[in-house]
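K.L.:
For reference, the structure I am asking about is given below.
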Amino acid sequence: MTDMAYWTTDETHDPALTSWVESASGHSDFPIQNLPYGIFSPRVGLPRIGVAIGDYILDLPACVERDLLPASAASACKKTILNAVMALSVADRIALRRRLSEILSDEAFRTALQGHLYPASDCELHLPARIGDYTDFYVGIHHATNVGKLFRPDNPLLPNYKYVPIGYHGRASSICLSGVPVRRPSGQRKPPEADAPVFAPINRLDYELELGLWVGEGNPLGSPIPIAEAAGHIAGYCLLNDWSARDVQAWEYQPLGPFLAKNFHSTISPWVVTAEAMAPFRIPQPLRLEGDPPPLPYLANPDDQAHGALAVTLEVLLSSAAMRKAGLPPHQLSQGPASNMYWTANQIVTHHASNGCNLNPGDLLGTGTISAPGKDGFGSLLELTSGGKEPIALPSGETRTFLEDGDEVILRARAEAPGHVAIGFGECRAIILPAL
Ligand code: MN
């Protein structure tokens, strides 16, 4: 990063800072210390860039019109999509955040800005970026081990796992915003007892709890991103539900990996929690187990090992149609820390670009399912039900092995650190519709 390291805090993170937008104080997701970007349209009006503050959204193009934002960010803030904001240099990103923090905390700006705040509950949210490319990784080591055991009991982690941040190219066109229902897909699968595969609505519909990384400034084709510079290429974070058809996956995945089991729908949370907002929540990457190889030199960096993990708690909740009908609240399926990643976000970015592959602003990189070591932190039903063999109980008396039509899955994330105001990611939710 240019004028500060990515883990350095400044006045925008001050826990004593408050906003004249009263609902920001004590807000579980969007206190003034967060200031995430999104695309919204008010009840009357076109989509535009906004910043979530408490229960409101601040209209950024309106702030540009009033000449309230830094000149370096003005044209990016007038767009109807966030790619240009993500593409800003780190110094310009920091300048924009500092100014937003100033105008939303200093009472002197209340009169000028009050008319440009919209109640979030009245607004429609849209995909934050034009996602050129989407890549999904597999860095949740407990998930990789659990799933490996189901597919290959004798050989859960393949020999490359501790050397290569494993990933595959996903599909950007089917990434949808939180709230867009998921149609149960049909697919080709081969029941174990059958001689031949069938094509029919899938039975084993699952979710995957992941973090999404939004690529900021890109790299030219042919120019790798050194690990020491990787953080400057991450604009922010979101929640990602990588919906998965496990029966299709089991039949199709060899030899080329995931395909139609994964690309029918992915859900992201609407707000881009900036890399700058995450500065107080940087923690050391957990030490590798005794006997594990060190990362190869191109993935090794002392600052990344000291600050490359995120103090984020991830949570999955499920609500069935029967639960909603009975007035029951969503049921927590799991909760666990995001630090269960074998590779850091910076290592993901550096590895992706290490062959010269060009990343572009607004590209989305998924971490892969993040599971904690214990069952209460497993990030998919495949793991929670041991591949569908051990159903889980819901408060309604229902049981689940995989998702049923009418089920709604809700992902949440919260960053917390001692001496700092906690921030949230907002929700990533979607409901399952029956197959056509
Ligand atoms: Mn995934």
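The values are calculated or read from the model by the stated rules, or taken from the named source; none is laboratory data. Owing to the predicted nature of the structure, the values given are computational and were not obtained by experimental measurement. Quick reminder, even Gly has a Cβ in these numbers, built from the backbone with ideal geometry, and neighbours come from all protein chains shown. In case anyone asks, the SASA skips ligands and DNA or RNA and just uses the protein heavy atoms, side chains included. Shrake-Rupley method; radii C 1.70, N 1.55, O 1.52, S 1.80 Å.
K.L.:
So, in segment 279-294, how many residues would count as being open to solvent by 10 Å² or more (accessible area, probe 1.4 Å) and farther than 22 Å from Y163 by Cβ?
P.N.:
Number of matching residues: 3.
K.L.:
Any idea which of L403, L381, L310 is within 16 Å of the ligand (Cβ to nearest atom), of a type outside the set (S, T, N, Q) and within 21 Å of F137 (Cα to Cα)?
P.N.:
Numbers: L403 fails: within 21 Å of F137 (Cα to Cα); L310 fails: within 16 Å of the ligand (Cβ to nearest atom).
Only one candidate qualifies: L381.
K.L.:
Going through N263, N241, N203 one at a time, which residue ends up being surrounded by fewer than 23 Cβ atoms within 10 Å (Cβ to Cβ), over 30 Å from A306 (Cβ atoms), within 16 Å of the ligand (Cβ to nearest atom) and not hydrophobic (A, V, I, L, M, F, W, C)?
P.N.:
When all the criteria are applied, what remains is N263.
K.L.:
Considering E276, E210, which residue is among the charged types (D, E, K, R) and either open to solvent by 10 Å² or more (accessible area, probe 1.4 Å) or more than 14 Å from the ligand (Cβ to nearest atom) (or both)?
P.N.:
E276
K.L.:
Given the criterion open to solvent by less than 20 Å² (accessible area, probe 1.4 Å) and under 16 Å from I423 (Cα atoms), identify the matching residue among A16, A52, A62, A73.
P.N.:
A52
K.L.:
Which residue pairs have Cβ atoms closer than 7 Å, lie 6 or more positions apart in sequence or on different chains, and pair a first residue in segment 111-128 that is more than 24 Å from G179 (Cβ to Cβ) with a second residue that is buried (at least 19 other Cβ atoms within 10 Å of the Cβ) and among the charged types (D, E, K, R)?
P.N.:
H116/D59
K.L.:
Of all residues in segment 170-199, which are over 22 Å from P391 (Cβ atoms) and in a strand (DSSP E or B)?
P.N.:
I175, C176, L177, R183, S186, G187, Q188, V198, F199, listed by residue number.
K.L.:
Still on this structure, please answer the following. Only one of V182, V147 is modelled with pLDDT under 95, in the same structural domain as D363 (by TED's automatic domain parsing) and closer than 16 Å to L209 by Cα; which?
P.N.:
Answer to the selection: V147.
K.L.:
Something else about it: Count, please, the residues in segment 123-172 that happen to be within 16 Å of the chain's Cα centre (by Cα) and of a type in the set (D, E).
P.N.:
So the count comes out to 2.
K.L.:
Where in segment 94-144 are there strands (runs of 3 or more DSSP E), lying wholly inside it, with at least 3 residues that are open to solvent by less than 50 Å² (accessible area, probe 1.4 Å)?
P.N.:
It comes to 134-137.
Matching residues to (1) touching a Phe, Trp or Tyr at 6+ places or on another chain (Cβ under 7 Å); (2) small (G, A, S):
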residue: P220; (1), (2): no, no
residue: A228; (1), (2): no, yes
residue: L240; (1), (2): no, no
residue: D247; (1), (2): no, no
residue: L260; (1), (2): no, no
residue: H265; (1), (2): yes, no
residue: P270; (1), (2): no, no
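K.L.:
Within segment 295-303, is even one residue surrounded by fewer than 19 Cβ atoms within 10 Å (Cβ to Cβ), assigned to a strand (DSSP E or B) and not aromatic (F, W, Y)?
P.N.:
Within segment 295-303, none of the residues are surrounded by fewer than 19 Cβ atoms within 10 Å (Cβ to Cβ), assigned to a strand (DSSP E or B) and not aromatic (F, W, Y).
K.L.:
Considering only segment 215-222, I want to know if a residue exists there that is in contact (Cβ under 8 Å) with a residue 60 or more places away in the chain and within 16 Å of the ligand (Cβ to nearest atom).
P.N.:
Checked segment 215-222: no residue is in contact (Cβ under 8 Å) with a residue 60 or more places away in the chain and within 16 Å of the ligand (Cβ to nearest atom).
K.L.:
Can we say T344 is closer than 26 Å to P295 by Cα, away from the ligand (no atom under 16 Å from the Cβ) and open to solvent by less than 20 Å² (accessible area, probe 1.4 Å)?
P.N.:
yes
K.L.:
If you don't mind, another one. Testing R324 on (1) more than 24 Å from E398 (Cα to Cα); (2) surrounded by fewer than 23 Cβ atoms within 10 Å (Cβ to Cβ); (3) touching a residue at least 60 places away in the same chain (Cβ under 8 Å); (4) not acidic (D, E), one condition comes back false. Which one is that?
P.N.:
(1)
K.L.:
Still on this structure, I have one more. Please go through segment 145-169 and give me each residue that is part of a loop (DSSP other than H, G, I, E, B) and closer than 21 Å to Q347 by Cβ, ordered by number.
P.N.:
Listed by number, the residues that qualify are L157, L158, P159, N160, Y161, K162, Y163, V164, P165, I166.
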